[in-house]
Amino acid sequence: MQRTWLIAANWKMNGSAALVDEMTSVLANITNSQLQLLLCPPATLLCRFKTARNFALGGQTLSHEVSGAYTGELSAALLQEAGASYVIVGHSERRTLNAESDELVAAKLARAVAAGLTPILCVGETQMQRQQEKTQQVIARQLDAVYASQPELLAKSVIAYEPIWAIGTGESATPELAQQTHAFIRQHLTQYDAAAAAKVKLLYGGSVNADNCSALFMQTDIDGALVGGASLKP
Ligand code: PEP
């Protein structure tokens with residue numbers, strides 16, 4: 001199936017107002033109808049992007065609550081008001097550093113969809129889990145936690161396979177290895193909604209850069225990338 005590519009930039013806790021302007025003018029030169037671009041800057045920078053631009057904006061996380069006394073949190077509505085149409089959910093850094101459980105990730109994803117944001121669900125195994133050949137088991141658990149009880153959310157989701165050992169290490173998965181896992185993910189998702197599984201965009205994330213992206217994007221089940229470090233270089 002022909003799916004358009006989505007390239008999503010995760011700036012994490014990096015960037016500046018100056019980078020917003022620089023990136024906007026560099027990306028203005030990109031005209032490719034097969035390619036969707038998405039920037040996920042720190043939330044404080046979202047409002048600095050002009051409304052007229054040729055790329056989408058996203059948040060890096062959101063609260064599973066609608067509003068209220070949750071100091072420091074950001075709701076789906078606040079992200080949308082700031083210009084976001086996507087939101088990253090369950091990034092491994094948040095699962096690890098902020099102790100986000102599978103259940104919380106599922107609740108956040110449901111909240112994003114309910115508000116009209118497109119969630120990018122991140123899944124992926126640690127180095128140890130990979131060595132123990134538990135990659136598929138871990139990813140199946142992370143997917144099931146979200147879609148087993150709410151399969152209708154799959155059609156509204158993007159999924160990013162991000163092996164944790166490849167994030168920020170310079171050691172990307174090989175295109176073959178990434179394809180193998182993406183094919184597993186797509187196959188696993190058919191039990192929830194076969195039509196949605198065929199259509200869902202599967203991004204690869206983990207040390208993607210200008211040198212290795214083409215080979216990754218040639219793979220059948222890779223529909224784009226979630227890019228961290230390299231996305232800060234216009
Ligand atoms: C990420 O954090 O989502 C990521 C893929 O980072 P990097 O590209 O730096 O490995």
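The values are calculated or read from the model by the stated rules, or taken from the named source; none is laboratory data. All figures in this text were calculated on a predicted structure; none of them were measured in a lab. As a convention, Cβ positions derive from the backbone with ideal geometry for all residues, glycine included, and neighbour counts pool all protein chains shown. For accessibility, only protein heavy atoms count, side chains too; no ligands or nucleic acids. Shrake-Rupley method; radii C 1.70, N 1.55, O 1.52, S 1.80 Å.
The set of residues in segment 159-179 being assigned to a helix (DSSP H, G or I) and within 13 Å of the ligand (Cβ to nearest atom) consists of 164, 165, 166, 178.
Counting only residues that are loosely packed, with under 15 Cβ neighbours inside 10 Å and either of a type in the set (D, E, K, R) or modelled with pLDDT of 95 or more (or both), segment 1-20 holds 5 of them. Scanning segment 209-234 for residues that are part of a helix (DSSP H, G or I) and open to solvent by less than 40 Å² (accessible area, probe 1.4 Å) yields 213, 216, 217, 230, 231. Would you say residue 25 is farther than 20 Å from residue 117 by Cβ, of a type in the set (Ser, Thr, Tyr) and not in a helix (DSSP H, G or I)? Spelling it out, it is not the case that residue 25 is farther than 20 Å from residue 117 by Cβ, of a type in the set (Ser, Thr, Tyr) and not in a helix (DSSP H, G or I).
Within segment 125-158, being within 23 Å of residue 36 (Cα to Cα) and buried (at least 18 other Cβ atoms within 10 Å of the Cβ) holds for 153, 154, 157, 158. Looking at segment 189-208, can you tell me whether even one residue there is open to solvent by 50 Å² or more (accessible area, probe 1.4 Å), within 16 Å of the ligand (Cβ to nearest atom) and either in a loop (DSSP other than H, G, I, E, B) or at positive phi (or both)? No - not one qualifying residue is present in segment 189-208.
Filtering segment 87-110 to residues that are more than 13 Å from residue 59 (Cβ to Cβ), β-branched (Val, Ile, Thr) and either assigned to a loop (DSSP other than H, G, I, E, B) or away from the ligand (no atom under 12 Å from the Cβ) (or both) leaves only 105.
Beta carbons closer than 8 Å, at least 6 apart along the sequence or on distinct chains, pair a first residue in segment 218-234 that is without any contact (Cβ under 8 Å) to a residue 40 or more places away in the chain with a second that is open to solvent by 30 Å² or more (accessible area, probe 1.4 Å) and of a type outside the set (Asp, Glu) for 230/209; 230/210.
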